[in-house]
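Heads up, the thing below is written out as structure tokens.
The values are calculated or read from the model by the stated rules, or taken from the named source; none is laboratory data. Source: prediction; values computed, not measured. Using ideal geometry, Cβ is built from the backbone for each residue, glycine included, and neighbour counts are taken over all protein chains shown. Side chains included, ligands, DNA and RNA excluded: accessible areas come from the protein's heavy atoms. Shrake-Rupley method; radii C 1.70, N 1.55, O 1.52, S 1.80 Å.
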Amino acid sequence: MGTVFMAGSSFAQQVTIPVETQHNALVLQTDAEKNLKMVYFGVKLNNTKEYEAIQKMYNQADDSGILNSAYTPSGSANLAEPAITVTHADGNKSLNLVYVNHVVTKVDDDISLLTVTLKDPAYDFEVKLFYKTYFKEDVTEQWSVIKHGEKGIVTLNKFASANLNLKGSGFWLKQYHGNWAMEMQPEEAKLTHGIKTIDSKLGTRANLYEPSMFMVSMDKPATEDEGKVLLGALEWSGNFKIDLELDVANNLRVIAGINNAASEYHLKSGEEFTTPALVYTYSDQGKGDASRKLQSWARNHKIVDGQGSRLTLLNNWEATGFDFNEAKLAELLKDTKKLGVDLFLLDDGWFGNKYPRNDDHAGLGDWQENKQKLPNGISSLVKEAQANGVKFGIWIEPEMVNPKSELYTKHPDWVIKQPNRPEKYFRNQLELDLSNPKVQDFVFNIVDDLFTKNPDLAYIKWDCNAVIYNAYSAYLKKDQSHLYIDYVRGLYKVLERVRVKYPKVPLMLCSGGGGRVDYGALKYFTEFWPSDNTDPIERIFIQWEYSYFYPAITSSNHVTDWGKQPLKFRTDVAMMGKLGFDIVISKLSADDQAYLHGALNNYNNLKDVIWHGNQYRLQSPWDNDAASIMYVNEAKSTGVVFNYLVNNRYGTGTHVPVRLKGLDPQKKYQVKEVNLYPNAKSSLENNLILTGDFLMTVGVNPHVNSGRTSVVLQLDEVK
Ligand code: DGJ
């Protein structure tokens, strides 16, 4: 920790607090009544002093006087959407919050933490606002801590993480919706007056229909390289609610946090309620720049081992489903070696004896090896993998239980279900009650036992396929409304314990596809499973949209038999992230196998650029016949450009060059096509050497057409 600086309201009539990063500023300011307001959000000013003059330049309608509150209370002057609503111990529902002081702590060269304390003058009730800024990355994480000293219980009815106020001549929201195998479907529209809400009430697998990631463009819809845009996402794996209110003064109020639906929280005197963080970044140079900021932040500060390496793998889910035994797995382990990837990942179906997991109706909860399929247990598979020179990983879904399981019979009180209603299943299963510490121990022990019994186990895929119906916890008794929140907190406690004991082991975050992709969970994971939809055409779109918020190193992309595209196309698409396979290698033709051999060599050369480099979206699949995506290393000496035909109509292709980005205009690059299918000749000129200037101004034509549907270009600086 570095220097600490404090300011109290006694020092000045009006307190102005600029929260600055490398390019941007968010400015908080008190008014004469000590209400704290957010008066600015945008590029930073040259003269810090001038932040004080901003608010006076606006003459917008605001009868309440706190429309742009930095954390809007309810029940007093405010009549807009609040950030916080409470019921005091005496039953009163009004809250007012005024500025008391603020503290800035410098954590390191990059990170600072601003804490602003607000108090209710009439009640012993306090909110601390936290702004953790990452200077270099232009990213802020914002959350709040709520506390009181009242005599008795205070009920928190609403408890947002952040309450932003944006100014602009219009606001455009880009949001996402989806379902199984249809993740990250974007929609963008101009916000009209009133409130637009993005939310989830699903409990677990909370992003199934809507994730919490969003973008807001100001003044006009931002494009890839132009315009003012905010990117935000809630770091929370449960119910969330993001309200975007275009108010009477034509400003946009963004209030984001845990969804308060069915979730009022009872807070004892002295107890702290900490909200999850809203992470956000801003760019005045378009969505591309904003996304690169978020991607760098994730690699540098959030995900596990963001600067590190990842394991390529062969998975068996698409190839075998539940139908496997030791002999089949022995073949797949040989294939893993032959293919040349690092690890074999055994998916669902390996456990349960009284209720064997032979389909998705039984076995969840009984995490013992199925004796029929695996008479020699996991440990023999780990050894067999080692004998083949590869590593071994395993799938679990530890939060869940099938009614057909020994666990369900033994611990019905550990299961989330209403005592007096028929059970309702999602994929034939129910959740375990992670608000219960005993269940937390059980879930932790599933992971811990696997690693203790198999110290060489190298990877875990953690799945979560169900949503919560009939929310009821036998453990929480009178505090039923805590369940959705305490479930997620319980989950994080387990994941924290896993990480304390196994700090770096790779974990894949999966939720029936991408049903739980958020930074609250990704803090504990190395990668995520974006979707069960691995049709490469679909994946181009899905991966394109995820990439605005998550770096390529987190995106597990597997080559499967989904879709009609040739193996080369499928592999080229999967290479834009963490490459894996889920196909039967022995069934491939000799040419396909030779192609894969070459592709894996290329991937090993390029993976560092893909995983740790800067990503540039060159041509959108939504607007072009061919999509192009590029990765460039920090030194701007190596790059790779992926190009895919996404429209099969007559005559489609790249008729004009694709303009590259992120290169050094002064440098010369050799451009060559890689990942060619055996015997295929590139239609690009031999020994093509061009300057960064040319490549970014004129571009290069990858010659994508119906005969060359997928083209990968490698760029290397020549001196
Ligand atoms: C859903 C996951 O998304 C799949 O990859 C697979 O692991 C299945 N669950 C297994 O049941």
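Please specify each residue of the range 438-458 satisfying the condition of being open to solvent by 60 Å² or more (accessible area, probe 1.4 Å), in contact with a helix residue (DSSP H, G or I) (Cβ under 8 Å, 6 or more places away or on another chain) and under 22 Å from Ile485 (Cα atoms). Result: Lys438, single match. Here Gly42 passes the criteria (1) touching a Leu at 6+ places or on another chain (Cβ under 9 Å); (2) more than 21 Å from Gln22 (Cα to Cα) except the one numbered (2).
The residue that is surrounded by the most Cβ atoms within 10 Å (Cβ to Cβ), among those in the range 311-331 that are touching a residue at least 24 places away in the same chain (Cβ under 8 Å) and away from the ligand (no atom under 15 Å from the Cβ), is Leu329.
Would you mind finding the one in Gly308, Gly365, Gly270 that is part of a loop (DSSP other than H, G, I, E, B), away from the ligand (no atom under 16 Å from the Cβ) and closer than 30 Å to Val382 by Cα? Being part of a loop (DSSP other than H, G, I, E, B), away from the ligand (no atom under 16 Å from the Cβ) and closer than 30 Å to Val382 by Cα holds for just one of Gly308, Gly365, Gly270, which is Gly308. Scanning the range 410-433 for residues that are within 29 Å of the chain's Cα centre (by Cα) and of a type in the set (Asp, Glu) yields Glu431, Asp433. Does Ser283 satisfy the criteria of being under 18 Å from Thr21 (Cβ atoms), touching a residue at least 24 places away in the same chain (Cβ under 8 Å) and not assigned by TED's automatic domain parsing to the domain that holds Ser555? Here the answer is yes, as Ser283 does meet what is asked. A Cβ distance below 6 Å, combined with a sequence gap of six or more or placement on separate chains, defines the contacts here; from the range 525-539, residues that are within 16 Å of Arg570 (Cβ to Cβ) reach residues that are acidic (Asp, Glu) in the pairs Ser531/Glu183. Looking only at the range 258-286, residues that are touching an Asp or Glu at 6+ places or on another chain (Cβ under 8 Å), buried (at least 21 other Cβ atoms within 10 Å of the Cβ) and either of a type in the set (A, V, I, L, M, F, W, C) or closer than 20 Å to Gly203 by Cβ (or both) come to 5 in all.
Listed here are the residues, each with its yes/no results for (1) crowded, with 24+ Cβ neighbours inside 10 Å; (2) of a type in the set (Asp, Glu); (3) closer than 26 Å to Tyr492 by Cβ.
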{"site": "Gly515", "(1), (2), (3)": "yes, no, yes"}
{"site": "Tyr519", "(1), (2), (3)": "yes, no, yes"}
{"site": "Trp529", "(1), (2), (3)": "yes, no, yes"}
{"site": "Asn533", "(1), (2), (3)": "no, no, no"}
{"site": "Arg539", "(1), (2), (3)": "yes, no, no"}
{"site": "Gly563", "(1), (2), (3)": "no, no, no"}
{"site": "Pro566", "(1), (2), (3)": "no, no, no"}
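Is it the case that Lys196 is closer than 26 Å to Lys302 by Cβ, open to solvent by 10 Å² or more (accessible area, probe 1.4 Å), part of a strand (DSSP E or B) and out of contact with any His (no Cβ under 8 Å at 6 or more places or on another chain)? No, not satisfied.
Of all residues in the range 229-257, those satisfying the criterion of being open to solvent by 10 Å² or more (accessible area, probe 1.4 Å) and under 20 Å from the mean Cα position of the chain (by Cα) are Glu235, Trp236, Lys241. Name every residue in the range 368-388 that is part of a loop (DSSP other than H, G, I, E, B), touching a residue at least 24 places away in the same chain (Cβ under 8 Å) and either aliphatic (A, V, I, L, M) or exposed (fewer than 15 other Cβ atoms within 10 Å of the Cβ) (or both), in order of residue number. Gln372, Leu374, Pro375, Asn376 - these are the residues of the range 368-388 that are part of a loop (DSSP other than H, G, I, E, B), touching a residue at least 24 places away in the same chain (Cβ under 8 Å) and either aliphatic (A, V, I, L, M) or exposed (fewer than 15 other Cβ atoms within 10 Å of the Cβ) (or both).
Taking the range 258-267, which residues are assigned to a strand (DSSP E or B) and over 23 Å from the mean Cα position of the chain (by Cα)?
Correct list: Tyr265, His266, Leu267.
Might you let me know whether the range 342-351 holds any residue that is at pLDDT 95 or above and open to solvent by 80 Å² or more (accessible area, probe 1.4 Å)? Among the residues of the range 342-351, not one is at pLDDT 95 or above and open to solvent by 80 Å² or more (accessible area, probe 1.4 Å), which makes the answer no. Only one of the numbered conditions (1) open to solvent by 40 Å² or more (accessible area, probe 1.4 Å); (2) more than 21 Å from Thr571 (Cβ to Cβ) is violated by Asn648, and that is (2).
Among the residues in the range 416-438, are any in contact with a Gly (Cβ under 6 Å, 6 or more places away or on another chain) and in contact (Cβ under 8 Å) with a residue 24 or more places away in the chain?
Applying the first criterion (in contact with a Gly (Cβ under 6 Å, 6 or more places away or on another chain)) to the range 416-438 yields 434-435.
Next, from what is left, pick out any that are in contact (Cβ under 8 Å) with a residue 24 or more places away in the chain: 434-435.
Scanning the range 416-438 turns up at least one residue that is in contact with a Gly (Cβ under 6 Å, 6 or more places away or on another chain) and in contact (Cβ under 8 Å) with a residue 24 or more places away in the chain.
Mind listing just one residue for me: the one in the range 448-479 that is assigned to a loop (DSSP other than H, G, I, E, B) and without any contact (Cβ under 8 Å) to a residue 12 or more places away in the chain and, of those, nearest to the ligand (Cβ to nearest atom)?
Pro455
Looking at the range 493-511 only, could you name the residues that are of a type in the set (Ser, Thr, Tyr) and in contact (Cβ under 8 Å) with a residue 60 or more places away in the chain?
Filtering the range 493-511 for residues of a type in the set (Ser, Thr, Tyr) gives 502, 511.
Within the range 493-511, just Ser511 meets the criteria.
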